[in-house]
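Below is one structure, written out as structure tokens; comments come after it.
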Amino acid sequence: MSKISRRAFHRRCASALAMAALGSRSWTQARETSVVLLLTGVITDGGWSQLAFNGLKALGVGRGFKTAYAENISLAEMQEVARGYSDDGFDLILGHGFEFSSALLDIAPDYPNRRYFVSSFLPQPKVPANIMFVNLGYFDAAYGAGALAALISERKQAVGFVGGEDDPTQQKIQKAFIAGARNTVNGIQALGIITGDYDNAAKGREAAATLIGNGADVIWHAADVTGLGAIQGAVAGKAKVLGCYYDQTSLAPNNMAVSFEMNLEGLVKTVAHAVADHSFAGGTEWKPTVDRMWLLKAGAHGDHNPQLVPPAAWAAFQKIWSDLAARRINVATLIS
């Protein structure tokens, strides 16, 4: 494939791709570390892309970094965009999502002095020494969500999960949620519906209503827009709800017990600083602990809403969360 610079590419594709630079002056480093964030979505999505973008913004405030981003990148554009930024000398090219795995794996050997990061699982046992992947801890978080749902259930009859696309990751998230609930409260049912769609609020509402109709009084989701519908369905059914990906307290302030927020802001900052201080460990999969990768949020309440989470339930959950972080609970063996 012919190489194309970032500038030439964006002149040609300006209508399809949004790009912005967030430069900063370095006060603490002799040389700025340049970081670009590549996104399939937009920085105003309120979740996956925006949380990562917040990390990028935090780098660009007199911290010794030069930053840029590109959004709405299609699969067909990924390699050309990434090569353009590599040609332009960016130190770190960060592809946000599994969709970037193939393109950056192809590119990395051609630019041994660049560093590449993909916010997704390691796709194969051996990868180039200048690219890193990450285990985002979905399954540990899901186990914790199932445990908390069971603990705060008032009837102790059933709790429910609403999923998005019917893919292996969502299937394992559902299994982990079910295992967390069942291993925490004897006799409780843990139900799940994978809707087959991340972007259909109506399906989320219907799934939540079905789960509530089958006895669930706490609902958790991992389904983006479909999850927003699940929250609406939980509120309509007078059930408690747990948020996912970002702090969703404002969407259901009277029903949202806790949100499990992905610490994507911290992830971007950590990887960028690793490149800046030459501690970037390429050729590997980074495995941050669940308490570092997932933050517990409840708006102004702090980490949980005490009106929906009794003190004894929170204390029991904290023990489970600590055990997950210390890897004393091996979730992988429960969902394989």
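The values are calculated or read from the model by the stated rules, or taken from the named source; none is laboratory data. In this text, all values refer to a predicted model and were calculated from it rather than measured experimentally. Positions of Cβ are backbone-derived with ideal geometry, glycine not excepted, and every protein chain shown enters the neighbour counts. Accessible surface areas use protein heavy atoms only, side chains included; no ligands, DNA or RNA. Shrake-Rupley method; radii C 1.70, N 1.55, O 1.52, S 1.80 Å.
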message: Would you report the distance distribution of C-alpha pairs in the stretch 74-142 as whole percents per 10 angstrom bin, up to the bin with the largest distance?
response: 21, 54, 20, 5
- request: Among DSSP beta bridges lying fully in the chain, give the percent that are antiparallel, nearest 5.
  value: 15 percent
- line: What one gets for the stretch 42-118 as the Kirkwood radius, inverse of mean 1/r over different Cα pairs in Å, is 13.1 Å
Rg/Rh ratio calculated on Cα atoms of the stretch 285-334 (Kirkwood radius): 1.04
message: Over the stretch 199-336, with the other protein chains present, what is the accessible area per residue in square angstrom, probe 1.4 angstrom?
response: 43 Å²
- line: Log10 I(q)/I(0) at q = 0.18, 0.21 Å⁻¹ for the stretch 135-174, from Debye over equal alpha-carbon scatterers, is -0.54, -0.69
- prompt: Tell me, what HN-Hα J-couplings in whole Hz come from the Karplus equation 6.51 cos²θ - 1.76 cosθ + 1.60 at θ = phi - 60° for each residue of the stretch 201-206, using x for Gly and Pro?
  reply: 4, 4, 5, x, 4, 5
Normalised convex hull volume, the stretch 23-155, alpha-carbon set, Å³ per residue: 150 Å³
query: If Thr333, Thr249 are ordered by their accessible area, calculated over protein heavy atoms with a 1.4 Å probe, which sequence runs from highest to lowest?
result: Thr333, Thr249
message: Once the convex hull of the alpha carbons of the stretch 85-181 is built, what does its volume come to per residue, in cubic angstrom?
response: 111 Å³
message: Let me see the P(r) profile for the stretch 119-158: every Cα-Cα distance counted, bins of 10 Å, each bin given as a percent of all pairs.
response: 24, 30, 20, 16, 9, 1
task: Quick one: compute the contact order of the chain, relative version, from alpha carbon pairs under 8 angstrom and 6+ residues apart, as a percent.
output: 16 percent
query: Of all the C-alpha pairs in the chain, what % are more than 35 Å from each other?
result: 26 percent
- prompt: Using 0.36 nm per residue, how much length does the chain from Arg31 to Thr284 gain when fully extended, once their Cα-Cα distance is taken away?
  reply: 88.4 nm
- request: Tell me the trypsin sites (Lys or Arg not before Pro) within the stretch 88-183 that lie in a loop according to DSSP and have at most 12 other beta-carbon atoms within 10 Å.
  value: Lys126, Arg155
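Within the stretch 136-293, what percent of beta bridges assigned by DSSP are antiparallel, to the nearest 5?
Beta bridges within the stretch 136-293, antiparallel portion: roughly 0 percent.
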- line: Per-residue accessible area, 1.4 Å probe, largest first, puts Asp45, Asp199 in the order Asp199, Asp45
message: Show me the three semi-axes of the equivalent ellipsoid for the stretch 164-244, from the C-alpha gyration tensor (sqrt of 5 times each eigenvalue), largest first, rounded to whole Å.
response: 19, 16, 9
- line: Taking the alpha-carbon centre of each part, the distance from the stretch 201-263 to the stretch 312-336 in Å is 22 Å
message: With a 1.4 Å probe and all protein chains left in place, how much of the accessible area of the chain comes from carbon and sulfur atoms, in whole percent?
response: 50 percent
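The chain: longest stretch without exposed chymotrypsin sites (Phe, Trp or Tyr not before Pro) (DSSP loop, at most 16 other Cβ within 10 Å), sites themselves excluded?
On the way: sites that count: Trp27, Phe121.
Longest run free of exposed loop sites: 122-336.
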statement: Hydrodynamic radius by Kirkwood for the stretch 223-336, inverse mean 1/r across distinct Cα pairs, in Å, is 16.1 Å
